[in-house]
1. With only alpha-carbon atoms counted, please give the Rg and Dmax of segment 57-104, in Å.
2. Could you check the simple spin-label distance between Asn125 and Arg200, using points 7 Å along Cα→Cβ, in nm with one decimal?
3. Tell me, what is the FRET efficiency for Leu224 and Ser106 to the nearest 0.05, using R0 = 22 angstrom and their Cβ-Cβ distance as r?
4. What FRET efficiency comes out for the pair Ser396/Asp63, r = Cβ-Cβ distance, R0 = 45 Å, nearest 0.05?
5. Using a 10 Å cut-off around each Cβ, can you sort Leu376, Leu168 from fewest to most neighbouring Cβ atoms?
6. Using the 10 angstrom Cβ neighbour count as an exposure proxy, how do His401, His319 rank, fewest first?
7. Please compute the modelled spin-label separation between Asp416 and Ala140, points set 7 Å along Cα→Cβ, answer in nm with one decimal.
8. On full extension of the chain, what length is gained from Leu384 through Arg270, given 0.36 nm per residue of separation minus the C-alpha to C-alpha distance?
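Each value in this text was obtained by applying a stated rule to the coordinates, not by laboratory testing. Since this is a predicted model, take the numbers as computed values, not measurements. So basically every Cβ, Gly included, is an ideal-geometry build from the backbone, and we count neighbours across all protein chains shown.
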Amino acid sequence: MPSPSRGLIHLDEAARNDRGACEKMHERRTASAPAEVPFLQSAAITPDPWEDELGTQSAGDFDEAVAALYEAAVHPQCWQSALSRVAAFSGTETFHFLRWDPMARSAPFNVHADCVSSSAIERYNSHYWSVDPRRRLVEALAVGEMAVCQRHFSDAFVSRSELFQDYLLPVIGQRYTWFARPLVAGSQEILLAMMRGEDRGPFSDDEIIRVQRVMPHLQRASRLWIDTEQLRESAAVGRQVADASGLALFGLDEACRVVHTNAQAEAMLRDGQHLLQRGAQLQAAHEPDAARLRETLADVVASRCPQRFAITSRSGEPHACFLTISTLPAGSPLRPKLGAAAVLVMARRPGRTSPLAPEELARLFGLTRAESALALALTNGKALDEYVAEAGVSMSTARTHLRAVFDKTYTRRQADLVRLLLLLPAAG
């Protein structure tokens, strides 16, 4: 039987080879072109060099598969449809994609093609996993490598294999497999298997090249998926946390029309003491503040810089409500939760404090006691100079603590920090 290493393909090497081929084709195609073409003149899209080799239809399928992978990185519910596109592009029929924990021997995330039933997966996990000869290939894979099983298992071997004869062929209906290990994240690893039936025959060299082209994008998409997981979890609990903490959330579109309100925001609108909705526009109930709110909203949309200020109540009570206004990037995980809003307005009345405790901030971000106190003061609506006066520290000390808080929470502005902390769940 061939050595496992002979069938391994490193994805970075594949990408380098691919780039080299693309550059050569590009040189041939542009040899007769003008020596200098201004970039901004390129209204017509330059043909992709891969189209010359794959054909326009295949190149389009590649683009769709890659775009679907990055979409799945931000919206994990799309992994199945994304991998279905990869399967169609690479000539496979079924797939199994999982986030595997070798120590616990469990898969916290597991998605497979519709044609593979959950009961079939359970049968594999309960018995056939232990007799699967492909495991040694997977275990030998370094990050960024793939293995094509047809290079390791002959027809004679397959005819004697319990896995193939009792499970893969009769139950799954598959004979040929390739594996990849795109990523290792902590104690877990991302694994992908793509399979097809015996009637389709072994994977051709052209199909393997197609896989190599897609895999570097799968690596990057997997890394993006893992890196943004905490943000998605925070977004998922954000609405419930906001309701529990008394925070009113208003989602506005680019024209500053209200497209989303949570329960607290709706109650604030019904009360009419602080904010009103006239038509689709959000307005301050105190007339002198109305123009300032309109100007601030327009400025935040134009500059993309968050702002915060206090408004007076309709009855004339100053500082009756604190507003924090910021834009939401197109890829923000909060957008789907807020009716595809482009602008987020957070409103908090005095006395409604953050549900977080200093101990929780220390546990979540490693903040010191002083850093936690500063972060919570800002979250509860205090300005930095107000905190300095109350805490009895110098402004330079407070700014040093604030820089440390930004570093540890991966934020860059006070508005970003406040938004993050307000969306975190309290203990218990």
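1. When restricted to the Cα atoms of segment 57-104, Rg and Dmax are 12.2, 43 Å.
2. If labels sit at Asn125 and Arg200, their model points lie 2.5 nm apart.
3. Result of the calculation: an efficiency of 0.40.
4. My answer for the efficiency is 0.30.
5. Going from least to most buried by this count: Leu376, Leu168.
6. Neighbour counts put them in this order, fewest first: His319, His401.
7. Computed distance between label sites Ala140 and Asp416 equals 4.5 nm.
8. Result: 37.8 nm gained on full extension.
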